[in-house]
Amino acid sequence: MTGPSLTFLGAAGRVTGSCTLVEWGEQRVLLDFGMIQGESDAEELNRRLPQIDVGALHALVLTHGHLDHSGRAPLLAPAGFVGPILGHAATLEIAELVWRDAVRLSGQKSEEPLYTDDEVGRARALMRPLRYDERADIGELSLTLFDAGHILGSSHVLIERQGRRLLFSGDVGVMNTPIIRDPTLAWDAPVEAVVIESTYGDRRHRGREETVEEFAAIIEEAVRHRGMVLIPAFAIGRTQEIVFHLRSMMERGRIPEVPVLLDSPMGERATDIYRRHGECYDPETREMIRDGRLPLTFPALRRIVNADQSRAIRDQRPPAIVIAGSGMCSGGRILHHLRNFLGRDNTTVVFVGFQGHGTLGRRLVDGETSISIHGEPVEVKARIATLNGFSAHADQPALVEWARRIPGPPAKWLVNHGEPAAAEGLRQALTQAGLGGAEAVEEGKAYGI
């Protein structure tokens, strides 16, 4: 019997551009097809299809809808791919939202967009939504999705053939993340190999409760100084978690009730998807809803609908909290809020996510006192705060614990989706934990199982 072969076409030695080719028997399956981000030649790399026969693929499987996992999928149909595109129903909705936004942004940055709305429509027509724990057949292969707890609809992917099993972690979430369920930790049988992500494979996160308390203290101080709080937030996952925590803190009286302005059209559309998929909620959120307490709605929350309302925030009487994209301040409505409020010493900018090298967000975190926004110089007098405990990726101890729960241990661990130091850190941790042989994968290399 021919064994499986895995070729890592992205997210090997880097965090973005996830793409793995699975060849097993007569079947060819692509796991994720994400955009490369944060590199000087990213646009060129994203336009370049991998050296594979796209028309011979039997399926594309999306572990979740984030751009770095799904963003290049609309390129496949014009190259001969006939589907299907498989993923949890929430993942496919989020992916389409991400693709439509990518068309808009690509059109702003380039005369030739990466793909068009029509090509997004072709990809949408190939979608086949799945439920968790539902087996789907791809020729001789069977596929099952399990909740990964990263964002709504995120999945671990189990692929089986004639009694042999491979497991792909996708992005492993953090235990006790609000709204969504925890990553799957119960498995019914051993697997031969696991592909495991390593975004934070060499780090330990601060605790969630400690982070929320620090968040509350930052807001209290800003309110005391009657200042604006600006929160650059990623539209999918992070925005919903921040809204949840603000609602909870105000409901408990931990922070004063001040206006919360959600100025993120994409974040609002993503929140609508969250509201539609209650099957992904954790028990605590389900109980809230049964009690009539909606987790993503509260009296102080105001949704900013159009550009005129967004511009009017410059005249908002403080204190108030503004949540806007993009999360790394590389574009979006957060830029004009920063331009309007960075020069005030009673403003607080709270970064709640990773800031990539070279981004405006990273420069602010690193302490630059003068920046340029839309070609205008801006003096930075605001307080810059960073909360590192809101990550949606498991840290090294959590990844090792997730790995321990898999019966076996597996014959092989393949470590991907991490910078070299993070991948090597997790490789060493898995080995030291006695879980078997582990290898940090190389891009373009095929691994036989």
Just wondering, is there one or more residues in segment 313-327 that are without any contact (Cβ under 8 Å) to a residue 12 or more places away in the chain and either of a type in the set (Gly, Ala, Ser) or outside the structural domain of residue 351 (by TED's automatic domain parsing) (or both)? no
Cβ pairs under 6 Å, 6+ apart, first in segment 377-404 and closer than 17 Å to residue 242 by Cα, second in a strand (DSSP E or B) and modelled with pLDDT under 95: 393/200
When segment 81-128 is checked residue by residue, the ones that are surrounded by fewer than 16 Cβ atoms within 10 Å (Cβ to Cβ), within 19 Å of residue 60 (Cα to Cα) and either among the β-branched types (Val, Ile, Thr) or touching a Cys at 6+ places or on another chain (Cβ under 7 Å) (or both) are 82
Residue 183 passes all but one of (1) free of Cβ contacts under 8 Å to residues at least 60 places away in the same chain; (2) assigned to a loop (DSSP other than H, G, I, E, B); which number fails? (1)
Of the residues that sit in segment 232-254 and are among the hydrophobic types (A, V, I, L, M, F, W, C) and over 11 Å from the mean Cα position of the chain (by Cα), which one is nearest to residue 362 (Cα to Cα)? 233
Could you list, in sequence order, the residues of segment 196-229 that are at pLDDT 95 or above, touching a Pro at 6+ places or on another chain (Cβ under 7 Å) and surrounded by fewer than 18 Cβ atoms within 10 Å (Cβ to Cβ)? 226
Residues 334, 323, 273: which one is within 26 Å of the chain's Cα centre (by Cα), surrounded by 13 or more Cβ atoms within 10 Å (Cβ to Cβ) and within 30 Å of residue 132 (Cα to Cα)? 273
Within segment 45-58, does at least one residue satisfy the condition of being under 26 Å from residue 145 (Cα atoms), in contact (Cβ under 8 Å) with a residue 60 or more places away in the chain and in a loop (DSSP other than H, G, I, E, B)? yes
Within segment 362-406, track down each residue that is farther than 30 Å from residue 427 by Cα, assigned to a helix (DSSP H, G or I) and of a type outside the set (Lys, Arg). 364
Which of the residues belonging to segment 15-37 are under 18 Å from the mean Cα position of the chain (by Cα) and either β-branched (Val, Ile, Thr) or surrounded by fewer than 17 Cβ atoms within 10 Å (Cβ to Cβ) (or both)? 15, 16, 20, 36
Hey, does segment 259-267 have a residue that's over 21 Å from residue 334 (Cβ atoms) and more than 24 Å from the chain's Cα centre (by Cα)? no
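The values are calculated or read from the model by the stated rules, or taken from the named source; none is laboratory data. None of the values given here were measured: they were computed from a predicted structure. Backbone-built Cβ (ideal geometry, glycine too); neighbour counts: all protein chains shown.
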